[in-house]
Amino acid sequence: MALSRQIFDTVIVGGGGSGLRAALQLAEAGHHVAVFSKVFPTRSHTVAAQGGIGASLGNMQEDHWLWHMYDTIKGSDYLGDQDAIEFMCRKAAEVVYELEHFGMPFDRNPDGTIYQRPFGGHSQNFGERPVQRACAAADRTGHAMLHTLYQRNVRAHCQFFVEWMALDLIRDYEGVVVGIVALEMETGQVVIFQAKSTILATGGAGRIYHSSTNAFINTGDGLGMAARAGVPLEDMEFWQFHPTGVAGAGVLITEGVRGEGGILLNSEGERFMERYAPTMKDLASRDVVSRGIDQEIKEGRGVGPEKDHVLLKLDHLGAEVINKRLPGIREIALKFANVDPIREPIPVVPTCHYQMGGIPTNYYGQVVAPRGALGTSEVIPGLYAIGECACVSVHGANRLGTNSLLDLLVFGKSAGDHLCEWLKTNPQHRDLPHDAADRSMERLSRLDGAQSGENITEVAQAMRRTVQHHAGVFRTGTLLREGVEKIREVAKRARNTAIKDKSRVFNTARIEALELENLVIVAEATLVAAEARTESRGAQAREDFKDRDDKNWLKHSLWYMEGSRLDYKPVNLQPLTVESFEPKVRVY
Amino acid sequence: MKFSIYRYNPEKDDKPYMQDYEVELQHGDRMLLDAILRIKAMDDSLGLRKSCREGVCGSDGMNINGRNGLACITPLKDLKEPVILRPLPGLPVIRDLIVDMSQFFKQYHSIKPYLVNDNPPPQKERLQSPEDREELNGLYECVLCACCSTSCPSFWWNPDKFVGPAALLQAYRFIADTRDDATSERLDNLEDPYRLFRCHTIMNCADVCPKGLNPTEAIGKIKEQMVKRMV
């Protein structure tokens, strides 16, 4: 049966912050662009970001993009690529002002400028003291930003395919990406979308962990699509554990709480972060704070009957500050922790939050991968990746808070701009290969045909428990080796799932089965890359290799799905215009 | 815990029916969505939307024991058994708890939900005083879950002509923004026997809003502005 086909200049997979920012750039330039989203765009997970967008506007005290750049490189534990980091930090003010012009309801200072709050790892003058750099809309910055970007796209008459799931990339015989195959959830129909260029903007895959701040939709679909099409995944061992997820529920409590003056306490009522980070204390970078909390719990100073969490105290900020700056946090604490933070501390625990790794790109968003025996990175024509699904790499081994929203804006715009130019010199669509939809149709027909097999919920649970247990805050070689074996078993089971519901109309069981295929790819990449990296850097903390090893490991890992093979590429220590920041011991 | 859930799959059902479920809750199950997911693990054919599970994405709006709300922030302990779950009222059902929201979003788009200001933007941010910014509180936080509009009798009768509380709240969000220059056009856009004036201040919208917002109040302020410009 021949599938129907539609043609666009550019298809964008994902309607979150980065996808919408790129779409806007293209739609306003008059290009024929389509955005695909599994959910109505304002339901994308950008909506859950709370604290702020990092930009050295200097509205509160002196600030400079170079300090932001230094903080980001140090935060990345020197694994971030310094060209991309300079690019991002220099562009930060511009993209934030633009967002304000689009209508973003930022909080304001008495002089009418954008309010900025302190955030973890952000400092004045190369680490001297905390700086107020996070541009905030109360504690709903992501919500305000996502809605503003969607609204601006409505104005630009951008075309959306809402509740469509992209299944696979289409690559032609020369390896050029020429579109996607996608499934409309409401009808179950499968359509080929032919495009001169494709942007993956599908967000992270935090749902590989049992305890995660991530939404159900964060299943790494773009990573699965890329991996199946032969594109490697970069630095997948690096997952950020946010220090403050609500204990038991996993819901995020923004670092902005500590930015506004909140502190962490152990069972003895001690402000323990003073011991781990004498200067930045509770506002050290997230990997440092999460390890501090886990260490306290390991040493028996956790709180609660199981001594399995710590407390986030903010009552001393007063009702007025809490209601004005942190209203959403109060709502979450009341609903999910049963405490009113105006009076009581919030029970919190490190929770999987963000994927530093992803599809390797340059700072134009073009996907790059080693080619040939020399292994030099080359652009994969027609394919871009932006946002959390991409690894550009500005976050390296640990992302600073507020840099994720910034990443979405800067690289969404950058990819859009680059494509506007690229489309000028690439006016023609390339032919589709005859097997364009074969992979997707095989995946669907296996699911439709399977009368018996593994239960989706059970396999997903096995995956989440495996990743949680074997690739948590602290890791060891033994744990990781066992984890690799277990996850390969899980991956086998995931290829043998069956769903009872065979209906075509809004079949959410089928969607979850397809999502699970993507998740297990990401889970395997994570464990394999983490096992191989015999050092501690940023979010990867190995108890058997406690130190950073720049001699052997100042490099990015690349995982290929075929053969579950690893390769490596050097970190780019050369910024665009300024002096390189050489790796140093990291103290906060 | 006992549930009775609206089921309808147009491919195999002639008409909708209610299906009973009984589910054993596990430690840590706090919200209605947790229980529904336990049911879905037993019966994968149950259709619903879900995403953030913390009340900010607006996906899982449904009618819970006769009242619209978000499943992910509705505590189980507050619910009378059997918990009766139906799709949001007044919109066409696609399947089970999933409704067709096209009409709802069409109304949202009809109020031009974006900032209009044709002056060239300054080098930096447009300035706005904290007091002027505060006017947007209670407006910009809307998650577009449609709980309000689908609890409004005026929207049920005229979903194609009455803008509905959610979109009117957003209309006022831009009228109230000192950076927006299109107040007069926005009021023109609503000056019609149906678009705005079908609101009869029944206040179901404010009563059910899971985010505690008050569309009726915003609608009142739009009406005030209309009166003001007539004088």
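With a 1.4 Å probe and all protein chains kept in place, how do A:332, A:7, A:342 rank by accessible area, largest first?
So, going from the largest accessible area down, we get A:7, A:342, A:332.
How big is D, in µm² s⁻¹, for the protein assembly as shown by Stokes-Einstein at 20 °C and 1.002 mPa s if Rh is the Kirkwood radius over C-alpha pairs?
Translational D for this selection: 80 µm²/s.
Take segment A:506-567, drop everything but the C-alpha atoms, weight them equally and run the Debye formula without solvent; then report log10 I(q)/I(0) at 0.18, 0.20, 0.24 Å⁻¹ to two decimals.
These q points yield log10 I(q)/I(0) values of -0.71, -0.80, -0.98.
Just by accessible area at a 1.4 angstrom probe, what is the order of A:40, A:216 from largest to smallest?
A:216, A:40
Distance from the Cα centre of segment A:388-409 to that of segment A:107-161, in angstrom?
Centre-to-centre (Cα) distance: 15 Å.
Taking only Cα atoms, what is the 0 to 90° angle, nearest 10, from helix A:82-102's long axis to the longest principal axis of chain A?
Rounded to the nearest ten degrees, it is 90.
Summed for both chains, how many Å² of accessible area, to the nearest 100, are buried between A and B with a 1.4 Å probe?
5000 Å²
Identify, among B:85, B:218, B:157, the residue whose Cα sits farthest towards the positive end of the charge dipole of chain B, taking +1 on the Cβ of Lys and Arg and -1 on the Cβ of Asp and Glu, with the dipole about the Cα centre.
The listed residue farthest towards the positive side: B:157.
What is the mean number of Cβ atoms from other protein chains located within 10 Å of the Cβ atom of each residue in peptide B:133-145, rounded to a whole number?
4
For the Cα atoms of chain B, what angle does the longest principal axis make with the long axis of helix B:215-230, in degrees from 0 to 90, nearest 10?
Helix B:215-230 sits roughly 20 degrees off the main axis of chain B.
Would you tell me the mean number of C-beta atoms belonging to other protein chains that fall within 10 Å of each C-beta in B:117-126, as a whole number?
Mean number of neighbouring Cβ atoms from other chains: 5.
Which percent, nearest 5, of DSSP beta bridges in segment A:459-585 are antiparallel?
80 percent
With the calculation restricted to Cα positions, what are the radius of gyration and Dmax of segment A:1-118 in angstrom?
17.9, 64
Rounded to the nearest 20 Debye, what is the dipole magnitude of segment A:324-457 about its Cα centre when Lys and Arg each give +1 and Asp and Glu each give -1 at the C-beta?
Computed charge dipole of segment A:324-457: roughly 520 debye.
Quick check: convex hull over the Cα atoms of segment A:444-588, volume per residue in Å³, rounded to an integer?
165 Å³
Of the candidates B:109, B:27, B:200, which one comes out as most mobile in a Gaussian network treatment of chain B with C-alpha springs shorter than 10 Å?
Highest fluctuation among the options: B:27.
Out of the trypsin sites (Lys or Arg not before Pro) in segment B:1-38, which ones are loop residues according to DSSP with at most 13 other C-beta atoms within 10 Å?
B:12
Let me spell out the model: positive unit charges on the Cβ of Lys and Arg, negative unit charges on the Cβ of Asp and Glu, origin at the Cα centre of segment A:124-170. What dipole size does that give, in debye rounded to 20?
280 debye
Using only the alpha-carbon atoms, what does chain B span along each of its principal axes? Please give whole angstrom values in decreasing order.
That gives 59, 38, 29 Å along the principal axes, largest extent first.
Rounded to the nearest 5, what % of DSSP beta bridges with both residues in chain A are antiparallel?
65 percent
Could you report the protein assembly as shown's accessible area per residue, 1.4 Å probe, as an integer in Å²?
Accessible area per residue, the protein assembly as shown: 36 Å².
What is the gain in length, in nm to one decimal, between residue A:434 and residue A:316 on full extension, counting 0.36 nm per residue of separation less the C-alpha to C-alpha distance?
Residue separation times 0.36 nm, minus the Cα-Cα distance, leaves 35.9 nm.
In chain A, what percent of the accessible surface is made up of carbon and sulfur (1.4 Å probe, ligands and nucleic acids excluded)?
49 percent
From the protein chains alone at 1.4 Å, what is the descending order of accessible area for B:202, A:114, largest first?
From most accessible down to least: B:202, A:114.
What residue among B:39, B:202, B:117 has its Cα farthest toward the positive end of the dipole of chain B, where the charges are +1 on Lys, Arg and -1 on Asp, Glu, each on the Cβ?
Checking the options against the dipole of chain B, the answer is B:202.
Just to confirm my numbers, what's the Cα centroid distance between segment A:31-69 and segment B:114-141 in Å?
17 Å
How much net charge surrounds residue A:78 when only the other residues with a Cβ under 9 Å from the Cβ of residue A:78 are counted, with Lys and Arg +1 and Asp and Glu -1?
Overall, the nearby charge balance is +2.
Could you tell me the ratio Rg/Rh of segment B:45-165? Both radii from Cα atoms, Rh via Kirkwood.
When Rh is taken as the Kirkwood radius, the ratio is 1.07.
If a/c stays under 1.5 just call it rounded; otherwise compare a/b with b/c (prolate if a/b is bigger, oblate if not). Do that for segment A:116-201, with a ≥ b ≥ c from the square roots of the Cα gyration tensor eigenvalues.
Prolate, since a/c reaches 1.5 and a/b exceeds b/c.
Let me check I've understood the local charge: for residue A:301, count other residues with C-beta under 10 angstrom from its C-beta, Lys and Arg +1, Asp and Glu -1. What total comes out?
Spelling it out: positives minus negatives among the neighbours equals -2.
To the nearest 20 debye, what is the magnitude of the charge dipole of segment A:93-246 about its Cα centre, counting +1 on the Cβ of each Lys and Arg and -1 on the Cβ of each Asp and Glu?
It comes to approximately 300 debye.
Of A:541, B:171, A:202, whose Cα points farthest to the positive end of the dipole of the protein assembly as shown (charges on the beta-carbon: +1 Lys, Arg; -1 Asp, Glu; origin at the Cα centre)?
Positive-end residue among those listed: B:171.
Under the definition of partner shielding as Cβ atoms of other protein chains within 10 Å of a residue Cβ, what is the mean value for peptide A:39-45?
Average per residue, whole number: 6.
Counting only DSSP beta bridges with both residues in segment A:1-160, tell me the antiparallel percent, nearest 5.
In segment A:1-160, DSSP labels about 55 percent of beta bridges as antiparallel.
What's the longest piece of chain A with no exposed GluC sites (Glu not before Pro), counting a site as exposed if DSSP puts it in a loop and it has at most 14 other beta carbons within 10 Å?
Segment A:307-542 is the longest.
From the P(r) of segment A:174-311, can you give the percent of Cα pairs sitting at distances over 18 Å?
66 percent
Can you give the Rg/Rh ratio of segment A:197-239, where Rg is from the C-alpha atoms and Rh is the Kirkwood radius?
Rounded to two decimals, Rg over Rh is 0.98.
Please give the solvent-accessible surface of residue A:298 in Å², to the nearest 10, using a probe radius of 1.4 Å with every protein chain present.
Near enough 110 Å² of accessible area.
Provide the convex hull volume over Cα atoms per residue for segment B:58-110, in Å³.
So the per-residue Cα hull volume is 81 Å³.
Given a 10 angstrom Cα cut-off, can you work out which residue in B:106, B:124, B:15 is the most mobile in a GNM of chain B?
B:124
The values are calculated or read from the model by the stated rules, or taken from the named source; none is laboratory data. These figures come from a predicted structure and were not determined experimentally. Note that we place each Cβ from the backbone using ideal geometry, even for glycine, and neighbour counts take in every protein chain shown. Only protein heavy atoms, including side chains, enter the accessible area calculation; ligands, DNA and RNA are left aside. Shrake-Rupley method; radii C 1.70, N 1.55, O 1.52, S 1.80 Å.
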